[in-house]
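Quick notes on the structure that follows.
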There are 2 protein chains.
Amino acid sequence: MSQGKEFRPAARLARGFRDISAGDARARLETLGCLRAVYERFGFEPLETPAIEYADALGKFLPDQDRPNEGVFSFADDDEQWLALRYDLTAPLARYVAEHYDALPKPFRRYQSGAVWRNEKPGPGRFREFIQFDADTVGSASPAADAELCILAAEALEALGMAKGDYIVKVNSRKVLDGVLEMAGVSPGDTRRHLVILRAIDKFDRLGLDGVTRLLGQGRKDDSGDFTKGAELEPQQIQRILDYVTATQAGFDAWRNVVGQSEVGRSGVAELEAMGALFEAAGFGSDRIQFDPGIVRGLEYYTGPVFEAALTFAVTNDKGESVQFGSVAGGGRYDGLVTRLKGIDVPATGISIGVDRLLAGLASRKTQAGTVFDGPVVVLVLEQERLGDYQSIAQELRAAGIRAELYLGSSGMRAQMKYADKRRAPVAVIQGGDEFAKGEVTLKDLALGTRLSGEIESADEWRKGQPAQVCVPRGGLVAGVKEILARGAK
Amino acid sequence: MSQGKEFRPAARLARGFRDISAGDARARLETLGCLRAVYERFGFEPLETPAIEYADALGKFLPDQDRPNEGVFSFADDDEQWLALRYDLTAPLARYVAEHYDALPKPFRRYQSGAVWRNEKPGPGRFREFIQFDADTVGSASPAADAELCILAAEALEALGMAKGDYIVKVNSRKVLDGVLEMAGVSPGDTRRHLVILRAIDKFDRLGLDGVTRLLGQGRKDDSGDFTKGAELEPQQIQRILDYVTATQAGFDAWRNVVGQSEVGRSGVAELEAMGALFEAAGFGSDRIQFDPGIVRGLEYYTGPVFEAALTFAVTNDKGESVQFGSVAGGGRYDGLVTRLKGIDVPATGISIGVDRLLAGLASRKTQAGTVFDGPVVVLVLEQERLGDYQSIAQELRAAGIRAELYLGSSGMRAQMKYADKRRAPVAVIQGGDEFAKGEVTLKDLALGTRLSGEIESADEWRKGQPAQVCVPRGGLVAGVKEILARGAK
């Protein structure tokens, strides 16, 4: 920390990163605590893995590349092995399960929350570090495991204050999609065409029937004139897929129709039906969990049921349009979790909440209530030689569970009051020589003061009345502060 | 996640990192929550900074080096700027304060907890990722700010269950040390000698008077025969320093004597006296906070009061010796916080808790209570076609605030009971066809069962009695489970 003279680097955040200050940090901590309580109640166990893993154990890139940096922050260790920052919480879970497979209870049910890092181009609202909150059940092939995660998502959102109608959990099955494609005569080996079709289905919400029809056919020109090449399917193939995309969940008859004789498709529908029965048994109707043929999720990853939780209330986007807030969590079954590391297929299903996005959703739901006085009580220091007395006041408030601080600067009364404002203190505690002699303290209600100063017209009237400040005996300090805080809490 | 055939990387933790499983993860979360509550009560605000910063803004190494990797994980960004993982929480605070200096309330009081990374050689119990919990007051030169951090440390340890006598907070002043050296006639410009002397004082606890005397003189040969070169002071210089090292806090007279006419030394003693008055006013006697001339802390960093919190109870070390657990937190005043970035001296003081070390200390204080049944209640699945009923049971328990899970595997009753044991479930809920017909459920008290199976001699006797299992009406499920849990909690 020396070298000050010759070179002064600029104090600046790294590109694509951000600081989180008090209000947001508290909201984040509270939300994580609330999620944790719900996940614990469902019997998931916490696990913490390190931020840094061997790049080859994390997967996603070849270990023999010189700089395997695509989308991931990576760097060579002293011994020339490549290290990488985790880019999600699933790859570390795969490493953990593969490493401890024999010792783990099966099914193994764990939750984990933490930062993940992406070495990607940042943009507005797109950061290179963000928080995920995952729950996974490893070693169970039962649709009950998938159903449970959907219920978990619904309960988590409700625990965070979302009401019925504020959110929806949508469910589909990759097997059903495969069955539909099989019946439409799309060759299973034609991966490129599969992806184009899945992408088209994924856009049904946004583009509607006409748009999807074009994307399944020759292609589509968007508003800006850009042309997206289509899947080049025949009309009867397109019809089969459109029949599926427009199927509702009514008794699953329509779903069974479109998958026809496809074995994988029928198995997919049967799993969804089993999940439906469990939703019903748990009291989760279609106002909270719905089957939706438009849900696709990640393109090359999932192998069975897939699900997504979205906040459904309207927010205003950058262009001033009112849009649905949208997805805050997603997941599904991915039976290849440890295949790459262990060479065996272990059934697994999981859900991941995008915590930062969820927080944005929760925040947009809260009404703006003007200035919030959420700071600590500030004890002013009027006579430096009586610092001990002032500190006792702070200490006494803390012992009563009240957030309190002693003013630690060296400025006068006026600056101290400004400081209290900046700290959004609800109360300032003042004890000058007179009050000390009489064994009293003055308590200033800063919330009331702010409100009244808007109402009272003349400064004179204000000074005379001082309605927002009371003088109490020193022994009544805690009771007096509590009374003011209770007033503000209303 | 494909490429499975051609190459299978070993699933292994990166060198120097570790996983934290359920029990430890919960203890960590609880401890962090408890610390947070205390820091909030003292009026500190949470701040979260990113894990990644620009290497030059973090400091500690030159930005124009090709690979500025000493002790820090660093890597080049796309635009060739060097990024680094934070190695503590103070350097990011300095960057934050310098960046937002004008907008911050002054003093600025923040706390932050989070992982930090050191690119160092790992060893037993030495990891390359660990958690720190810091509180700092920036912009206050008052000894009240330093005193408050010492009180905060004491209150935090007590909130975590440490009693008086389990811990001690020790306080010294870098200014006093400088004053003593000045009076001993050690040239202030002789940095090397300063360091040798401070290191010697730091070892007083371990080496005693004789060892320190040698280190202040020609040098000292340790038990292994290694020779440490000394500070090569004259006998009267050595005596002056020994007078200080053996000074007690009695009225600070001894301290004042050794600093004599040194201005910096006298100012240091005056600050400690002011802190002592505040400790007294807050009711913290020398059984909790002590002045100790042996405390040195970090060698080139601090500029005023320094402090350290240690757990004082005995633990057994690797060699089987009984030793004091030792330091879990440390800090002090460092008025050069933003000098390097902003070119101005801003007074600052802070304390950092080594959370992993603290957790080890708390754990060693807890008595081993045999097997802990801290898992969720496990609802067995005896008839797959009644999955919905079993799920309702789990759901009902969760709604009552009881951690519960449905068995999600595909194995039979015996394997399910084994699973419940492995999950350390306190209760297994069983409902076979008979019980279902009668509208009943069986609750198995697994804690009691484990205890009894150790007591009852014949397996036959055990089977007949089944004292650890009760049958209750389906409507009495929650009450029945609660009763068993309450029994276990005793």
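The values are calculated or read from the model by the stated rules, or taken from the named source; none is laboratory data. Predicted model, so just to flag it, every value in this text is computed and none were measured. Using ideal geometry, Cβ is built from the backbone for each residue, glycine included, and neighbour counts are taken over all protein chains shown.
Are any residues in the range A:9-34 farther than 18 Å from B:Phe44 by Cβ and more than 8 Å from every other protein chain (Cβ to nearest Cβ), and if so, which ones? The answer is A:Gly16, A:Thr31, A:Leu32, A:Cys34. Applying the set (1) part of a helix (DSSP H, G or I); (2) closer than 17 Å to B:Asp202 by Cβ to B:Gln290 leaves exactly one unmet item: (1). Every condition in (1) within 22 Å of B:Tyr334 (Cβ to Cβ); (2) in contact with a Leu (Cβ under 7 Å, 6 or more places away or on another chain); (3) in a loop (DSSP other than H, G, I, E, B) is met by B:Leu195 except one, and the failing one is (3). Of the candidates A:Ala428, A:Ala437, A:Ala420, the single residue that is assigned to a helix (DSSP H, G or I), within 22 Å of B:Glu40 (Cβ to Cβ) and of a type in the set (A, V, I, L, M) is A:Ala420.
Among the residues of the range B:35-58, those identified as more than 7 Å from chain A (Cβ to nearest Cβ) and part of a helix (DSSP H, G or I) are B:Leu35, B:Arg36, B:Ala37, B:Val38, B:Tyr39, B:Ala55, B:Leu58. Of the residues making up the range A:119-134, those that are farther than 30 Å from B:Ala415 by Cβ, more than 11 Å from every other protein chain (Cβ to nearest Cβ) and buried (at least 19 other Cβ atoms within 10 Å of the Cβ) are A:Gln132, A:Phe133. Residues of the range A:264-287 that are without any contact (Cβ under 8 Å) to a residue 60 or more places away in the chain and part of a helix (DSSP H, G or I): A:Ala270, A:Glu273, A:Gly276, A:Ala277, A:Glu280, A:Ala281. Considering the range A:228-254, and only residues there that are in contact (Cβ under 8 Å) with a residue 60 or more places away in the chain and of a type outside the set (A, V, I, L, M), the residue that is nearest to A:Asp292 (Cα to Cα) turns out to be A:Tyr244. Of the numbered criteria (1) more than 14 Å from B:Ile353 (Cβ to Cβ); (2) more than 10 Å from every other protein chain (Cβ to nearest Cβ); (3) in a strand (DSSP E or B), the one B:Thr137 fails is (2). Please determine whether any residue of the range A:95-102 is in the same structural domain as A:Leu341 (by TED's automatic domain parsing) and in a strand (DSSP E or B). No. Residues in the range B:257-309 that are of a type in the set (Lys, Arg), closer than 17 Å to B:Cys150 by Cα and more than 14 Å from chain A (Cβ to nearest Cβ): 1 in all.
Looking for something buried (at least 18 other Cβ atoms within 10 Å of the Cβ) and polar (S, T, N, Q) - is there at least one such residue anywhere in the range A:317-337? Taking every residue of the range A:317-337 in turn, none turns out to be buried (at least 18 other Cβ atoms within 10 Å of the Cβ) and polar (S, T, N, Q).
Have a look at B:Gly361, B:Gly388 and point out the one that is of a type outside the set (Asp, Glu) and surrounded by fewer than 21 Cβ atoms within 10 Å (Cβ to Cβ).
B:Gly388
Within the range A:315-335, being among the charged types (D, E, K, R) and over 30 Å from A:Glu148 (Cβ atoms) holds for A:Asp318, A:Lys319, A:Glu321.
Here the range B:361-380 is the region considered, the condition is being in contact with a strand residue (DSSP E or B) (Cβ under 8 Å, 6 or more places away or on another chain) and assigned to a helix (DSSP H, G or I), and the residue that is modelled with the highest pLDDT is B:Gly361.
If you filter the range B:71-92 down to residues that are without any contact (Cβ under 8 Å) to a residue 24 or more places away in the chain and assigned to a loop (DSSP other than H, G, I, E, B), you find that the one that is surrounded by the most Cβ atoms within 10 Å (Cβ to Cβ) is B:Asp77.
When you check B:Tyr167 against the structure, is it within 10 Å of chain A (Cβ to nearest Cβ) and out of contact with any Pro (no Cβ under 8 Å at 6 or more places or on another chain), yes or no? So B:Tyr167 does not fit the description; no.
Restricted to the range B:409-432, and to residues there that are touching a Pro at 6+ places or on another chain (Cβ under 8 Å) and surrounded by 24 or more Cβ atoms within 10 Å (Cβ to Cβ), the residue that is farthest from the other protein chains (Cβ to nearest Cβ) is B:Ala425. Evaluated against (1) closer than 29 Å to A:Ala153 by Cβ; (2) within 11 Å of chain A (Cβ to nearest Cβ); (3) at pLDDT 90 or above, B:Arg474 falls short on exactly one condition, (2). Contact map, the range A:383-400: first residue more than 7 Å from chain B (Cβ to nearest Cβ), second residue part of a helix (DSSP H, G or I), Cβ cut-off under 6 Å, separation 6 or more or different chains; pairs are A:Ala400/A:Val478. Select from the range A:93-106 the residues that are in contact with a helix residue (DSSP H, G or I) (Cβ under 7 Å, 6 or more places away or on another chain) and crowded, with 22+ Cβ neighbours inside 10 Å and write down the one among them that is farthest from A:Ala141 (Cα to Cα). Across the range A:93-106, the extreme among qualifying residues is A:Arg95.
Within the range B:440-471, take every residue that is assigned to a helix (DSSP H, G or I) and small (Gly, Ala, Ser) and give me the one that is modelled with the highest pLDDT.
Across the range B:440-471, the extreme among qualifying residues is B:Ala447.
Just to be sure before I move on: is A:Val372 closer than 30 Å to A:Gly432 by Cβ, of a type in the set (A, V, I, L, M, F, W, C) and more than 10 Å from chain B (Cβ to nearest Cβ) in the structure I sent? Yes; evaluated as a whole, the condition is true for this residue.
I'd like the full set of residues that are within 14 Å of chain B (Cβ to nearest Cβ) and under 13 Å from the mean Cα position of the chain (by Cα), limited to the range A:340-368.
A:Val355, A:Asp356, A:Leu359
Pairs meeting the criteria (first residue in the range A:95-113 and more than 9 Å from chain B (Cβ to nearest Cβ), second residue assigned to a loop (DSSP other than H, G, I, E, B) and surrounded by fewer than 20 Cβ atoms within 10 Å (Cβ to Cβ), beta carbons under 7 Å, at least 6 apart or on different chains) are lacking. Residue pairs whose Cβ atoms lie under 9 Å apart, sitting 6 or more positions apart in sequence or on different chains, and linking a residue in the range A:324-336 that is farther than 19 Å from A:Met275 by Cβ to a partner that is part of a loop (DSSP other than H, G, I, E, B) and of a type in the set (A, V, I, L, M), are A:Gly336/B:Met1.
Quick check on my filter: what residues within the range B:196-227 are free of Cβ contacts under 8 Å to residues at least 24 places away in the same chain and among the small types (Gly, Ala, Ser)? Correct list: B:Gly208, B:Gly211, B:Gly217, B:Gly219, B:Ser224, B:Gly225. Against the numbered list (1) part of a strand (DSSP E or B); (2) among the aromatic types (Phe, Trp, Tyr); (3) surrounded by fewer than 24 Cβ atoms within 10 Å (Cβ to Cβ), B:Phe307 comes up short only at (3).
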